[in-house]
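Chemist: One structure, as structure tokens, below. Some questions next.
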Amino acid sequence: MTQPFIEAFFDEPTNTISYLVGDSATQSAAVIDPVLDFDIASGVADTRSAERILDFAREHKWRIEMVLETHAHADHLSAAPFIKAQTGAWIGIGAHIRNVQKIFRPVFAMDDLKTDGSDFDRLFEDGERFVIGSLDVEVLHVPGHTPADIAYRIGDAAFVGDTLFMPDYGTARADFPGGDARTLYRSIRRLLALPETTRLFLCHDYKAPGRDEYRWETTVGEQRRSSVHVHDGVNEDDFVAMREQRDAGLSAPRLLLPSIQVNIRAGHFQPAEANGVSYLRIPVKWKGESA
Ligand SMILES: [Fe+2]
């Protein structure tokens with residue numbers, strides 16, 4: 001089995017890891033989950049994180065052919081359109097993004113938003129396969145964190161998005177609209193049924209109590225032995241109870257509202273108003289009111 005070349009890029013402001021995954025035989029490459037820098041206080045967007053990836057690709061002669069999103073992120077804006085504009089890469093995401101678009105279109109009153117996924121170039125179904133050069137990629141639909149999460153399995157590696165975190169930290173939240181802890185548990189068990197030596201590459205790391213450095217690579221075996229949330233022996237009901245209790249105490253991610261409305265448009269801001277400026281929408285509600 002040909003193994004992929006993998007380079008990780010860590011974005012500390014959002015604790016996100018983006019990856020360049022390359023096929024050494026052809027120099028074809030994919031970028032997974034690129035981050036657009038965004039300062040919410042000033043409204044200023046900046047491409048320096050994505051440029052780091054492009055610079056690396058240029059230096060090492062990788063030809064970026066695709067941008068692969070694991071899901072519509074709720075904590076950072078996607079730089080997929082910038083990478084596409086710079087390289088001609090296409091943008092892919094799980095086909096269930098349509099459900100996510102349908103959930104959030106009314107929340108943001110985005111009447112122009114298409115909910116057929118056509119803002120993206122490719123929509124992946126569970127089990128679908130495609131190639132990065134001569135590397136085979138298998139798509140696994142792993143819903144729970146959101147309805148549309150997918151993992152990309154490439155050689156002995158799997159890019160699992162926001163399903164699992166490092167074993168000492170646990171799992172992703174499942175309380176966003178369309179998220180579900182029981183579904184997340186089943187998706188995680190599916191990932192943990194892969195061969196034990198499968199390397200898992202995560203989308204986030206927040207360190208864990210007692211750990212000083214960021215880490216984003218683990219294995220199926222390590223998760224099954226020592227994940228604080230889903231080691232072998234933790235059953236579905238126990239997981240659901242833990243996850244739901246934990247989620248009830250979590251606050252909204254800092255960039256939640258900007259991220260969702262931009263990322264369900266494949267990383268595009270809303271069309272500019274007559275004055276040429278794009279705006280973000282913040283639905284206002286009173287404390288205690290539901291969405
Ligand atoms: Fe996420």
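Chemist: Being surrounded by fewer than 24 Cβ atoms within 10 Å (Cβ to Cβ), part of a loop (DSSP other than H, G, I, E, B) and more than 12 Å from the ligand (Cβ to nearest atom): is that true of Asp168 here?
Modeler: yes
Chemist: Would you please name the residue that is nearest to Phe38 (Cα to Cα), looking only at residues in segment 224-279 that are in contact with a strand residue (DSSP E or B) (Cβ under 6 Å, 6 or more places away or on another chain) and not in a loop (DSSP other than H, G, I, E, B)?
Modeler: Ser259
Chemist: Keeping to segment 89-102, report how many residues are surrounded by fewer than 18 Cβ atoms within 10 Å (Cβ to Cβ) and either closer than 15 Å to Gly267 by Cα or among the aliphatic types (A, V, I, L, M) (or both).
Modeler: 1
Chemist: How many residues are closer than 22 Å to Asp75 by Cβ, hydroxyl-bearing (Ser, Thr, Tyr) and not in a strand (DSSP E or B) if we restrict to segment 103-161?
Modeler: 1
Chemist: Yes or no: segment 73-85 includes at least one residue that is surrounded by fewer than 24 Cβ atoms within 10 Å (Cβ to Cβ), touching a residue at least 24 places away in the same chain (Cβ under 8 Å) and over 20 Å from the mean Cα position of the chain (by Cα).
Modeler: no
Chemist: Here's a follow-up. Determine, yes or no, whether Pro195 is at pLDDT below 95 and either more than 30 Å from Thr2 (Cβ to Cβ) or loosely packed, with under 15 Cβ neighbours inside 10 Å (or both).
Modeler: no
Chemist: Return the only residue of Ile132, Ile103, Ile150, Ile93 being away from the ligand (no atom under 16 Å from the Cβ) and among the aliphatic types (A, V, I, L, M).
Modeler: Ile132
Chemist: Could you tell me how many of the residues in segment 9-51 are charged (D, E, K, R) and assigned to a strand (DSSP E or B)?
Modeler: Number satisfying all stated conditions: 5.
The values are calculated or read from the model by the stated rules, or taken from the named source; none is laboratory data. Quick caveat, the model's predicted, so the values are computed rather than measured. Virtual Cβ from ideal backbone geometry, glycine too; neighbours counted across all protein chains shown.
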